1. Out of ALA66, ALA80, ALA86, report the one residue that is modelled with pLDDT of 90 or more, within 28 Å of THR128 (Cβ to Cβ), among the aliphatic types (A, V, I, L, M) and exposed (fewer than 13 other Cβ atoms within 10 Å of the Cβ).
2. Can you tell me which residue is surrounded by the fewest Cβ atoms within 10 Å (Cβ to Cβ) among those in region 95-150 that are part of a loop (DSSP other than H, G, I, E, B), of a type in the set (D, E, K, R) and free of Cβ contacts under 8 Å to residues at least 12 places away in the same chain?
3. I'd like to verify a number: residues in region 99-117 that are out of contact with any helix residue (DSSP H, G or I) (no Cβ under 7 Å at 6 or more places or on another chain) and under 22 Å from ARG135 (Cβ atoms), how many?
4. Touching an Asp or Glu at 6+ places or on another chain (Cβ under 8 Å) and modelled with pLDDT of 95 or more - does that describe any residue in region 49-58?
5. For residues that are part of a loop (DSSP other than H, G, I, E, B) and not polar (S, T, N, Q), scanning just region 151-166, find the one that is surrounded by the most Cβ atoms within 10 Å (Cβ to Cβ).
6. Does any residue of region 35-57 turn out to be surrounded by fewer than 11 Cβ atoms within 10 Å (Cβ to Cβ), at negative phi and touching a residue at least 40 places away in the same chain (Cβ under 8 Å)?
7. Quick check on PRO75: is it farther than 21 Å from HIS50 by Cα, modelled with pLDDT under 95 and surrounded by 15 or more Cβ atoms within 10 Å (Cβ to Cβ)?
8. From the list ARG114, ARG108, ARG102, which one is among the basic types (Lys, Arg), modelled with pLDDT of 95 or more and more than 20 Å from PRO166 (Cα to Cα)?
Amino acid sequence: MSQTIGALETTRDFQYHEAVATARKSKRQALAEKAWRQMYGFFWLHRDEHLAVVRELGLTPGHMKALFVLELDEPRPMGALAEGLACDASTVTWLVDSLEERGIVERRPLPTDRRVKTVVLTPLGAKTKAELVERLYEPPQALLDLDVKELEALDHALEVLPSEGP
């Protein structure tokens with residue numbers, strides 16, 4: 001049995017269809033989704049450039065994530081690091097071992113409970129993190145190719161959004 005609703009024909013086996021979903025969305029919702037897809041797509045398009053920077057510094061994506069949540073003078077318990085990276089303790093142990101071998105982080109006992117190990121960036125780690133962040137924040141050529149008015153409009157639109165970076 002089929003039924004025609006507007007330009008869409010439905011049947012018993014009718015599958016979810018994007019046209020139906022779009023019709024139910026407000027203009028604001030549809031525009032927000034389109035903008036998000038464009039931002040995400042632009043970032044995804046440049047992922048290989050970001051990964052190349054990470055590799056040039058002798059790091060893995062996991063190392064990068066760990067550097068982003070660690071600070072020079074703020075020891076972080078290994079368990080909290082695992083939680084912050086959304087991974088298990090064995091993965092954090094491997095990440096910290098490899099970063100510690102390179103002198104980028106060091107383990108320290110928690111002063112109030114010496115059984116708990118914390119991780120902190122070393123001065124070399126802070127320097128590595130700063131270089132990584134600086135290089136990741138270099139704008140891709142496609143942004144540099146925009147004219148000043150387009151960049152100002154983009155900046156104005158994005159500055160009202162919450163943002164957090166490393």
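1. Details: ALA66 fails: exposed (fewer than 13 other Cβ atoms within 10 Å of the Cβ); ALA80 fails: exposed (fewer than 13 other Cβ atoms within 10 Å of the Cβ).
Step by step, each of ALA66, ALA80, ALA86 is checked, and only ALA86 is modelled with pLDDT of 90 or more, within 28 Å of THR128 (Cβ to Cβ), among the aliphatic types (A, V, I, L, M) and exposed (fewer than 13 other Cβ atoms within 10 Å of the Cβ).
2. First, pick out the residues of region 95-150 that are part of a loop (DSSP other than H, G, I, E, B): 102-104, 111-112, 122, 137-140, 145-147.
Then drop every residue that is not of a type in the set (D, E, K, R), which leaves 102, 138, 145, 147.
Filter again for free of Cβ contacts under 8 Å to residues at least 12 places away in the same chain, leaving 138, 145, 147.
On the way: GLU138: 11, ASP145: 10, ASP147: 8.
If we take residues in region 95-150 being part of a loop (DSSP other than H, G, I, E, B), of a type in the set (D, E, K, R) and free of Cβ contacts under 8 Å to residues at least 12 places away in the same chain, then ASP147 is surrounded by the fewest Cβ atoms within 10 Å (Cβ to Cβ).
3. Pass one, region 99-117, residues out of contact with any helix residue (DSSP H, G or I) (no Cβ under 7 Å at 6 or more places or on another chain): 100-102, 108-116.
In the following step, the residues that additionally are under 22 Å from ARG135 (Cβ atoms) were identified as 102.
Of the residues in that region, 1 qualify.
4. Applying the first criterion (touching an Asp or Glu at 6+ places or on another chain (Cβ under 8 Å)) to region 49-58 yields 57.
So of that shortlist, the ones also modelled with pLDDT of 95 or more come out as 57.
Checked region 49-58: at least one residue is touching an Asp or Glu at 6+ places or on another chain (Cβ under 8 Å) and modelled with pLDDT of 95 or more.
5. In this case the residue turns out to be PRO166.
6. no
7. Values: farther than 21 Å from HIS50 by Cα: yes; modelled with pLDDT under 95: yes; surrounded by 15 or more Cβ atoms within 10 Å (Cβ to Cβ): yes.
So PRO75 fits the description; yes.
8. Numbers: ARG114 fails: modelled with pLDDT of 95 or more; ARG108 fails: modelled with pLDDT of 95 or more.
Residue meeting the stated conditions: ARG102.
The values are calculated or read from the model by the stated rules, or taken from the named source; none is laboratory data. These figures come from a predicted structure and were not determined experimentally. Cβ coordinates were reconstructed from backbone atoms using ideal geometry, including for glycine residues, and neighbour counts include every protein chain displayed.
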